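We did not get these values from a lab; they are worked out from the coordinates using the rules stated. Keep in mind it's a predicted model, so treat the numbers as computed, not measured. We place every Cβ from the backbone using ideal geometry, glycine too, and count neighbours over all the protein chains shown.
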Amino acid sequence: MISELKTQIMEEIGEAVSCSSLPEDGWTDMSFPGIIKLMKFRVDRYSLEGFGKLMTMHTTTKMGMELLTMSFMPSNGLTVPYLLMDAMSMKNKRCVFVEYYGCGRDDLQSDALEELYETFRLLPDYAEKPNWYVGERESYSLIKSGTEKQLTDMAVRSVKAYLSLIPLAHEDEEYKKQLAAFRQRMITEGNPSSSTLHLLLGKIGAERFMKQAVMPIDGEELPEIKEKRGSKWLV
């Protein structure tokens, strides 16, 4: 399900906006633990013209679980919600999280996303543990389980509807500050990938990854941070 889903979403993105791959780096191929490699991570980053940045992380495990994370970051301050999408597949268990965050703004409502919510709202909700960011999601977020076909359709159509917001939005410097503040909460108060990223990169490395790969902001100057993991320095 996961590889096919990413292919379909990237095709949808390519039809909507100009999408270019960013250079590979030390984050592109990672594994944990270093020798046994129970978990493998493939990270790809893209620039979406007129929008900002996209990061995808495809995780595979020896236990048969696959996870796809896609972070749509309006890094130029475009007035659209931040979109974080997670798709998980393990044996017969499948779920997709389509999470929209207004990051402190209350003027990011969307008829297109509201209509899509109505289309898929009757799919079974996926039970998740309480956490602070759950209450920060926009009401049209979709946290669902279902069949592969249902979830793939939901995810692809969600991205299509989301990208349709780009021509209607504008860049806002104040929104950049709100995005940065929300990102800091994701770092300090925790996010769905916190424990995994801390194991993989360490606390400082995980923070750098969040700021530079997951939720980058245009024009932001980040201090150079180096951390040693085994024999490898992460910058």
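In Å and from the alpha-carbon atoms only, list the Rg and Dmax of the chain.
Both quantities, over Cα of the chain: 17.1, 51 Å.
Divide by every residue of the chain the summed helix terms, -39500 (n - 2.57) for each DSSP H run of at least 4, and state the resulting mean residue ellipticity at 222 nm, rounded to the nearest 500 deg cm²/dmol. The partial results should precede the final answer.
On the way: 5 runs with 73 residues, N = 235.
When only DSSP H runs of four or more count, the value is -10000 deg cm²/dmol.
Tell me, in nm to one decimal, what length is gained between T188 and V156 on full extension, where the rule is 0.36 nm per residue of separation less the Cα-Cα distance?
Values: separation 32, 0.36 × 32 = 11.52 nm, distance 3.10 nm.
Difference between extended and current length: 8.4 nm.
As a footprinting exposure proxy, order M63, M186, M39 by other Cβ within 10 Å, with the fewest listed first. Provide the component values of the computation, followed by the final result.
On the way: M63 9, M186 22, M39 19.
Exposure proxy ranking, most exposed first: M63, M39, M186.
What does the extension gain come out to for Y126 and A112, with contour length at 0.36 nm per residue minus their alpha carbon separation? Don't skip to the end; give the middle numbers.
Working: separation 14, 0.36 × 14 = 5.04 nm, distance 2.27 nm.
Length gained between Y126 and A112: 2.8 nm.
FRET efficiency for T28 and M65, Cβ-Cβ distance as r, R0 = 25 Å, nearest 0.05? Mind showing how you got there, number by number?
On the way: r = 21 Å, r/R0 = 0.83.
About 0.75, to the nearest 0.05.
Would any residue of the stretch 54-71 have its amide N under 17 Å from a label point 7 Å out along Cα→Cβ of S3? List them or say none.
Those under the cut-off are 57-69.
So what's the gap between the Cα centers of the stretch 109-173 and the stretch 5-45, to the nearest angstrom?
Measuring centre to centre over Cα atoms gives 22 Å.
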